[in-house]
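First up is the structure itself, then whatever we jot down about it.
The values are calculated or read from the model by the stated rules, or taken from the named source; none is laboratory data. Remember, predicted model here, so these are calculated numbers, not experimental data. Don't worry about glycine lacking a Cβ; one is built from the backbone with ideal geometry, like all the others, and counts go over all protein chains shown. With ligands, DNA and RNA removed, areas are computed over all heavy atoms of the protein, side chains included. Shrake-Rupley method; radii C 1.70, N 1.55, O 1.52, S 1.80 Å.
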Amino acid sequence: MRSAILTAAFAASLLAGFAAQAQQATPAAGPIPGSVLAATCSGCHGPKGHSVAEIPPINGRTEQQLLSALLDFKNDRRPATVMNRHAKGFSDEEFAAIAREISANWR
Amino acid sequence: MTRTKLSRRTFTGALLATSALSACAVQTAPAKAHVVVIGGGFGGATAAKFIRLEDPGIAVTLIEPKSEFVTCPFSNYVIAGFKQIGEITHNYNALTGTHGVRHVRDIAVAIDPATKTVRTGGGQSIRYDKLVVSPGIDIRWGAIEGYTEAAAEILPHAWQGGAQTLLLRRQLEAMPDGGVVALALPPNPYRCPPGPYERISVIAHYLKTTKPRSKILALDAKDAFSKQPLFQDGWNALYPGLIEWVPLNKDGRITQVIAGEKTLVSEFGQRHRAAVVNVVPPQFAGKIARDAGLANPDGGSAGWCPVDPITFESTRIKDIHVIGDASIAGAMPKSGFAANSQGKFVAKAIAAALNGRPAFAPVYANTCYSLLAPDYGISVADIYRATPQGIVAVQGAGGVSPRTPADAAQFRHLEATYTRGWYSSATREIWGA
Ligand SMILES: Cc1cc2nc3c(=O)[nH]c(=O)nc-3n(C[C@H](O)[C@H](O)[C@H](O)COP(=O)(O)OP(=O)(O)OC[C@H]3O[C@@H](n4cnc5c(N)ncnc54)[C@H](O)[C@@H]3O)c2cc1C
């Protein structure tokens, strides 16, 4: 499935021509670090996860608590309004990196 | 204006006090680079703050004429009377005081990419190593015949926060019970896809609770809109018979206004006169972006700015990054949430580049919440990745709130709660903390 998408994407990129492609930036190699991925969380959960209003804060949790919550949202094992929809956009490895980052650095 | 002369001693004292207050903001070593940000809204204020957080060695100057920013998010609730304008007004004290961003209270009038300088209305020339442009939208005056700045004083757009928001509020308050509120709604793309329909909903809430014989007539230049089934279910349940929505294929497109007569004229010549008229007109990228040559000159995306999906660097001019509503961000909507997300990742991309590293691929997010009533919320959410085709929504993720959740009242209540939670967190991340 994924490789089919990538092949289609590659073909389309060839069709799009080199001029447009030449301009697209090349991202850094390797898995995206937790510090980059976790930037998304603060939009709703507040700076460093210190939500001041109705959305649950996410600072001060252990790595394991965060990881199992994220995986439960992703796999529809935990009631949610929007987290289940967001969570399906990340891989399990990315969630591990996010959980590590937030438990270590969001105090 | 009185100007007190400070003695040398008090002057030095004041300087010391300021620097002590903003100790963490003081740039001791000479800055390694200078980033200029045009526009202190959702995109620009986020970028300015996060560049400083990414690398305090980078000096950041924000060019923004206003000293206070009134958000468009939640302005519909001011219009409907359940929020006050003060609750949606933010200042730049945290950006300047805590984060050491220099705020130049002036308007950017020209960008010269050859000398890498921005000229301001007040006559300053400010040099940049990297420039972030986040000017939001401008109204395309005249795209609807007769819709000029003068006409907007009679038929408000209220699509930029502040005076226009309050004008529409006053008109609704002054309207007698039994009046018709007419809205003219734009074709895609425009700022905040669900915004017009949230506005219809909360105006309906106001009318139902205070002027129950009144009606809403929404004239649309489109045949479909964001979260449409959820909105229409909610309208039928909360405001039966109050809202009439006329799509493009039923002659909904408004092509002319007659301001003095509070009249909208459709493509095929139907005239709609109403007690209050709200025109949400066609839009394009803020003037500074278009004047600088950052926008596409023609084609379907004319007036909007093409960018690299990973760095948001303009594909037209090097070292200038365009974010927020002004940019063409693939599948991402023109929302404050999206601009905030882009602001954080553009900060990483710029800090990486100024330190000679490539940036990691961003993973952008968006959630557009809408209230249909103070205790009735719905949302659409997505996660986005940069691909060779541009920014695309991740398949299998995201989507809209369920149409028939098990406990619907509780679900809509929770999403209304999270609507307020998002606003508090996002505005704290951008202008507070
Ligand atoms: C009624 C309504 C409701 C909305 N509700 C939501 C919502 O619930 N959630 C959501 O996510 N989004 C919402 N939005 C959308 C949101 O307002 C925009 O998407 C967001 O403001 C875009 O951010 P921006 O940085 O591109 O522009 P803005 O936030 O508009 O900021 C632009 C800034 O640039 C400044 N500027 C412009 N030109 C210059 C210049 N030449 N020099 C210096 N400064 C300049 C302006 O003064 C302004 O402060 C709503 C919009 C509307 C109209």
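The local environment of B:Val181, defined by Cβ-Cβ distances under 15 Å, has a net charge of +4 under the rule Lys, Arg +1 and Asp, Glu -1.
Residues B:Met175, A:Met83, ordered by accessible area of protein heavy atoms at a 1.4 angstrom probe radius and largest first, appear as A:Met83, B:Met175. Note on region B:379-433 and region A:27-48: Cα centroid distance 17 Å, given to the nearest whole angstrom.
Under the rule a/c < 1.5 gives rounded, and otherwise a/b versus b/c splits prolate from oblate, where does region B:140-179 land using the Cα gyration tensor? Because a/c hits 1.5 or more and a/b fails to exceed b/c, region B:140-179 counts as oblate. Pairs exceeding 31 Å between alpha-carbon atoms, taken from B:Lys66/B:Lys116; A:Lys48/B:Lys83; B:Lys83/B:Lys318; B:Lys208/B:Lys287; B:Lys49/B:Lys287: B:Lys83/B:Lys318; B:Lys208/B:Lys287. Each stretch of four or more DSSP H residues adds -39500 (n - 2.57); spread over every residue of chain B, this sum gives -8500 deg cm²/dmol at 222 nm.
Ordered from largest to smallest accessible area (heavy atoms of protein chains, 1.4 Å probe), the residues B:Thr263, A:Thr26, B:Thr148 come out as A:Thr26, B:Thr148, B:Thr263.
Farthest toward the positive end of the dipole of chain B, out of B:Leu183, B:Ala285, B:Pro65, is the Cα of B:Pro65, where the dipole comes from beta carbon charges about the Cα centre. Interface burial in region B:354-371, defined as at least 10 Å² less accessible area with all protein chains than with the chain alone at a 1.4 Å probe, covers B:Pro358, B:Ala359, B:Phe360, B:Ala361, B:Val363, B:Ala365, B:Thr367, B:Tyr369. The A:Glu54 and B:Arg105 beta-carbon pair, evaluated with R₀ = 25 Å, returns a calculated FRET efficiency of approximately 0.15. Charge dipole of the protein assembly as shown (Cα centre as origin; +1 on each Lys and Arg Cβ, -1 on each Asp and Glu Cβ, all else neutral): 1100 debye, rounded to the nearest 20. Here B:Trp141 sits with roughly 100 square angstrom of accessible surface, probe radius 1.4 Å. Using every pair of separate Cα atoms, the Kirkwood estimate puts the hydrodynamic radius of region B:215-267 at 12.2 angstrom. Going by Cα centres, region B:29-90 and region A:52-107 are how many Å apart? Using only Cα atoms, the two centres lie 27 Å from each other. Packing-based ranking of B:46-57, B:283-294, B:201-212 yields B:46-57, B:283-294, B:201-212, ordered from highest to lowest mean Cβ neighbour count within 10 Å. Compared with the alpha-carbon gap, the fully stretched path from B:Asn236 to B:Arg127 is longer by 33.7 nm at 0.36 nm per residue.
Based on the alpha-carbon gyration tensor of region B:141-281 and its eigenvalue square roots a ≥ b ≥ c, which shape applies: rounded if a/c is under 1.5, prolate if not and a/b is larger than b/c, or oblate?
Numbers: a/c = 1.40, a/b = 1.12, b/c = 1.25.
It is rounded, given that a/c, with a ≥ b ≥ c, falls under 1.5.
Dimensions of region A:32-107 from C-alpha coordinates, computed as largest minus smallest value along each principal axis and given longest first, are 28, 27, 19 Å.
Here chain B is treated as a sphere whose radius is the Kirkwood value from Cα pairs; by Stokes-Einstein at 4 °C and 1.567 mPa s it diffuses with a coefficient of 57 µm²/s. Each of B:Arg385, B:Arg412, A:Arg61, B:Arg403 has its accessible area taken with a 1.4 Å probe; listed largest first, they run B:Arg403, A:Arg61, B:Arg385, B:Arg412.
Peptide A:56-65 is shielded by partner chain Cβ atoms: per residue, an average of 0 of them sit within 10 Å of its Cβ. Using only side-chain charges placed at the Cβ, +1 for Lys and Arg and -1 for Asp and Glu, the dipole size of chain B relative to its Cα centre rounds to 1080 debye. Counting Cα-Cα pairs of the protein assembly as shown in 20 Å increments starting at 0 gives whole-percent bin shares of 21, 54, 24, 1.
Given region B:78-173, what whole percent of its Cα pairs are spread farther than 16 Å? Pairs farther apart than 16 Å: 71 percent. For region B:267-303 versus region B:157-184, the spacing of their alpha-carbon centroids is 20 Å.
Sorting the segments B:311-321, B:354-364 by their mean number of nearby beta carbons within 10 angstrom, highest to lowest, gives B:311-321, B:354-364.
Rolling a 1.4 Å probe over the heavy atoms of the protein chains gives region B:244-350 an accessible area of 34 Å² per residue.
Excluding same-chain neighbours fewer than eight residues apart, the aspartates and glutamates reachable from A:Lys74 by a Cα-Cα span under 18 Å are A:Glu63, A:Asp92, A:Glu93, A:Glu94, B:Asp382. Excluding ligands, DNA and RNA and using a 1.4 Å probe, chains A and B jointly bury around 3500 Å² of accessible surface, summed across both partners. For region B:141-281, the Cβ-based charge dipole about the Cα centre amounts to some 300 debye (Lys, Arg positive; Asp, Glu negative; other atoms uncharged).
Take each residue of peptide B:309-321, count the partner chain Cβ atoms within 10 Å of its Cβ, and average: the result is 2. For region A:32-107, the solvent-accessible area with a 1.4 angstrom probe is 45 square angstrom per residue.
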